[in-house]
Amino acid sequence: MKTSVVPKVDARRLLERLAALADIGAIPGGGCSRLALTTEDGLGRDLVVTWMRDLGLRIDVDGIGNVVGTWPADAFEPAVLMGSHIDTVRTGGRYDGNLGVLAGLAVIEAVITAGVATDRPLAVGFFTDEEGSRFAPDMLGSLVYVGGMSVEDALDVRDADGCRVGDELERIGYRGPAPSPGPVPHAFIELHIEQGPVLENDDVTIGAVTGVQGISWTEITVEGQSNHAGTTPMHLRHDAAYVAATITTFVRDLTWTVGHGQVGTVGRLDLHPDLVNVVPGRAVLTVDLRNTDADRLRLAENRLESFCAELARKEGVTITTRALARFAPVQFDRSVVDLVQDVAVEHDLTVARLASGAGHDAQMFARVAPSGMIFVPSHRGISHNPAEHTEPADIEAGATVLLHVVLRLASDAASSQERVA
Ligand code: GLV
Ligand code: MN
Ligand code: MN
C-alpha cells in the first residue's frame, strides 16, 4: 500500500445506502422482498450499479447477471474481490447479503478517498440468486462464476411457476457479455451478518468464519388419491397430506438421531387440491438438510430416502424426489481466517472462530481462490425475517475489519503491516 493516509470506512454513508436499498421491495416490519430476477431485484441492481458508476469503477456483467465493479477501472490483474448478494428471500431482512456488497463498496470508496494505490486491484460484486428460494440451487450466480455450472444450464433453470432464469434475466436487463467462468480473483472476502445467535450470546463482535456446512435440498412429491373427506373410510385413504406431515416429523426426529449439529427443515409444503373437504391427492414439500460433517449429512440423506420408500409402500402412495441443491461442507483458507482474526484483534475487537450455518457466495469462491468471511452479530439470531437486525456499531466494526483485511490481501509485501490509525 503506497500512502501515509490510512483509509477509513464512512459508516454513515454505508448505513444510508443500506436503508436506500432496503426501500426497494420494502415489506412491513423493516424487511425486504427482492426475490432473484424479479422487477424489485432489477431495481436494486440498478441502484447499486449507479453507486458503482459514481465511484468510477469498471462494471462487468456476465451471462448469468453477476455484476462486478473494479478499481482502478483499467486494471485487469487478479483483484481482491469482495461481495455477496442483493437478492432476498420473499420475507427477508435488509442486511443478509446487502451488507457484504455495500460494505465492499464502502471499502473501495475509502481507498479512493484516501488516495491509496494498492498493489492489486480491488473489486466488489453481487452474485445472482444467492438465496435459491426462487431458482434452485442457491448460490447459482457464484457457482457459474467459478465454473461449477455452465451458463446455458443456469439460464434454463425454472422457478415453481415455470419462469426461466434466462427470460427473467433478459427482462430485467442483466444478461451481460462478460465471460463465465469469470476471472479468478487473487482472493475473495465476504462480510455478512451471522444469521444465528452465537456472536450475540457470547458478546463477541467479529466472527472469523472457518467454513460453511454442507447443504442438501430435496423436493419431494407425494402422489396419493384425492377423495371425499366425509365418505372415504380412514383405512382406504391414500392421503398425501398425511404422508407429507409424517415426512416433516421424521425430518425433525432425524436431526436428533444423526446428531453432530444436524439441522433439517421442511420449508415448503403445497397441497392439492387444497380444499377443506377433499383428501389431498398430491403434496409437494422441500427438505433442507445441513451438517458440517460430510458423512453425517450423507447419513441423514440416506435415512430420509429409506424412510420415504417404506412410507410410500405403507400408505399406498408414490413418492418421487428431485435434488434441488447439493454442496459439500467447505473449509475456508486458513491464512484468510487467521488474517480476519488478527485484524480484529489489532482493532481491539472481540473475535471468535465459527462455522457458518447459512450458505454463502464465498463457499463457491473457495473452489478457485483463497477465500474467507467476516461475520457480525445478528440480534436474537433472527434472519430470513423482516426483523433481522444488526447494530450500527457492529456494522461499522465489520466494515473496518473488511477494509483492513482487504488492504493486507491487496498488498504485495507479505510482511506489509499497515498500521491501525
Ligand atoms: C441462504 O441464505 C441459505 O443458507 O439458505
Ligand atoms: Mn446471505
Ligand atoms: Mn439468505
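The values are calculated or read from the model by the stated rules, or taken from the named source; none is laboratory data. Because the structure is predicted, anything quoted here is derived from the model rather than measured. Glycine also receives a Cβ, built like all others from the backbone with ideal geometry; neighbour counts cover every protein chain displayed. Please note that ligands, DNA and RNA were not included when accessible areas were found on the heavy atoms of the full protein model with its side chains. Shrake-Rupley method; radii C 1.70, N 1.55, O 1.52, S 1.80 Å.
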- Note on the structure: Under a 1.4 Å probe, counting only protein heavy atoms, W51 has an accessible area in Å², nearest 10, of 40 Å²
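Charges only on Cβ, +1 for Lys and Arg, -1 for Asp and Glu: so what's the dipole of the chain about the Cα centre, in debye to the nearest 20? Can you show the working numbers first?
Numbers: 35 positive and 57 negative charges, 92 e Å.
With Lys and Arg at +1 and Asp and Glu at -1, about 440 debye.
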- Message: Rolling a 1.4 angstrom probe over the protein chains, ignoring ligands and nucleic acids, what is the accessible area of I319 in square angstrom, nearest 10?
- Response: 40 Å²
- Given the convex hull over the Cα atoms of the range 148-221, what projected area results after averaging over all orientations, in nm²? 8.7 nm²
- Message: I'd like the orientation of helix 240-258 relative to the chain: the angle between its Cα long axis and the longest Cα principal axis, in ° from 0 to 90, rounded to 10.
- Response: 50 degrees
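For the full complex of protein chains and a 1.4 angstrom probe, list H260, H404, H272 by accessible area with the highest value first. Each step should come with its number before you reach the end.
Working: H260 105, H404 10, H272 70 Å².
Per-residue accessible area, sorted high to low, gives H260, H272, H404.
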- Note on the structure: Calc'd 3J(HN,Hα), the range 50-63, phi into Karplus 6.51 cos²θ - 1.76 cosθ + 1.60 (θ = phi - 60°), Hz, glycine/Pro = x, comes to 4, 5, 4, 4, 4, 7, x, 6, 7, 10, 10, 10, 9, x
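Taking Cα atoms of the chain, Rg/Rh with Kirkwood Rh, to two decimals? Spell out each step's value before the answer.
On the way: Rg = 22.7 Å, Rh = 22.4 Å.
Expressed as Rg/Rh, it is 1.01.
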- Item | Unit Cα scatterers, Debye sum, the range 229-375: log10 I(q)/I(0) for q = 0.17 Å⁻¹ | -0.99
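Stretched out fully, how many nm does the piece from E346 to E152 gain, at 0.36 nm a residue minus the Cα gap?
Working: separation 194, 0.36 × 194 = 69.84 nm, distance 4.57 nm.
Difference between extended and current length: 65.3 nm.
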- Task: Using only the alpha carbons, work out the radius of gyration and Dmax of the range 191-237 in angstrom.
- Result: 23.3, 60
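Hey, got the dipole for the range 21-73? About the Cα centre, +1 on K and R Cβ, -1 on D and E Cβ, debye to the nearest 20? List each step's numbers first, then the result.
Working: 4 positive and 7 negative charges, 15 e Å.
Result for the range 21-73 is approximately 80 debye, rounded to the nearest 20.
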- Message: Of the candidates S226, S371, S33, which one comes out as most mobile in a Gaussian network treatment of the chain with C-alpha springs shorter than 10 Å?
- Response: S226
- Task: Kindly write out, for the range 168-173 in residue order, the coupling ³J(HN,Hα) from the Karplus curve 6.51 cos²θ - 1.76 cosθ + 1.60 (θ = phi - 60°), rounded to whole Hz, with x marking Gly and Pro.
- Result: 5, 5, 4, 4, 8, x
- Note on the structure: Once E301, E391 are ranked on solvent-accessible area with the largest value leading and a 1.4 Å probe, the list reads E391, E301
- Task: Could you work out how far helix 98-114 tilts from the main Cα principal axis of the chain, as a 0 to 90 degree angle to the nearest 10?
- Result: 10 degrees
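Roughly what % of DSSP beta bridges within the chain run antiparallel, to the nearest 5?
Values: 49 of 70 bridges.
Given both bridge residues lie in the chain, the antiparallel proportion sits at roughly 70 percent.
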- Message: I'd like the distance between the alpha-carbon centres of the range 69-139 and the range 141-214, rounded to an integer number of Å.
- Response: 11 Å
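Could you work out the helix-only [θ] at 222 nm for the chain, with each DSSP H run of four or more residues adding -39,500 (n - 2.57) and the total divided by the number of residues, to the nearest 500 deg cm²/dmol?
-10500 deg cm²/dmol
Quick one: work out Rg over Rh on the C-alpha atoms of the range 289-403, Rh as Kirkwood radius. Show your work: numbers first, answer last.
On the way: Rg = 19.5 Å, Rh = 17.4 Å.
Rounded to two decimals, Rg/Rh equals 1.12.
Can you sort D348, D156 by 1.4 Å-probe accessible area, starting with the largest? Spell out each step's value before the answer.
Details: D348 140, D156 90 Å².
Heavy-atom accessible area, descending, gives D348, D156.
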- Message: If R₀ is 45 angstrom, what is the calculated FRET efficiency for the pair A294 and D74, using the beta carbon separation as r and rounding to 0.05?
- Response: 0.55
- Task: For the range 166-284, go through all pairs of different Cα atoms, get the mean of 1/r, take its inverse, and jot down that Kirkwood value in Å.
- Result: 19.6 Å
- Solvent-accessible surface (1.4 angstrom probe) belonging to E305, in square angstrom, nearest 10: 130 Å²
- Item | 5 angstrom amide H check on I27, placed H, neighbours 5+ away | C32, S33
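If contacts are Cα pairs under 8 angstrom and at least 6 residues apart, what is the relative contact order of the chain in percent? Please report the intermediate quantities before stating the final value.
Working: 1000 pairs, mean separation 96.2, N = 421.
Relative contact order, the chain: 23 percent.
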- Query: Which of A283, A229, A410 moves most in a GNM of the chain, Cα contacts under 10 Å?
  - Reply: A229
- Query: What is the range 35-139's relative contact order, in percent, from Cα pairs under 8 angstrom and six or more apart in sequence?
  - Reply: 34 percent
- Query: Which ³J(HN,Hα) values in Hz, rounded to whole numbers, follow from the phi angles of the range 319-331 under the Karplus curve 6.51 cos²θ - 1.76 cosθ + 1.60, where θ = phi - 60° and Gly and Pro get x?
  - Reply: 10, 10, 10, 9, 6, 9, 7, 8, 10, 6, x, 10, 9
- Rank T320, I374, Q363 by how far each Cα sits towards the positive end of the charge dipole of the range 302-421 (+1 on Lys, Arg Cβ; -1 on Asp, Glu Cβ) and give me just the farthest. T320
- Hey, got the dipole for the range 202-257? About the Cα centre, +1 on K and R Cβ, -1 on D and E Cβ, debye to the nearest 20? 260 debye
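How high is the relative contact order of the range 151-261, in percent, counting Cα pairs under 8 Å that sit 6 or more residues apart?
Values: 36 pairs, mean separation 11.7, N = 111.
Dividing the mean separation by the residue count of the range 151-261 yields 11 percent.
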- Of F188, F76, F365, which is the most mobile in a GNM of the chain whose springs link Cα atoms less than 10 angstrom apart? F76
- Task: Return an integer: the convex hull volume of the alpha-carbon atoms of the range 269-322, in Å³ per residue.
- Result: 86 Å³
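Based only on Cα atoms, what Rg/Rh ratio does the range 79-207 have, Rh being taken as Kirkwood's radius? Each step should come with its number before you reach the end.
Values: Rg = 16.5 Å, Rh = 16.3 Å.
A ratio of 1.01.
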- Hey, what does the equivalent ellipsoid look like for the range 1-136, semi-axes from the Cα gyration tensor as sqrt of 5 times each eigenvalue, largest first, whole Å? 27, 17, 11
- Percent of all Cα-Cα pairs per 5 Å bin for the range 137-181, counting from 0 up to the last occupied bin, reads 5, 22, 31, 28, 12, 2
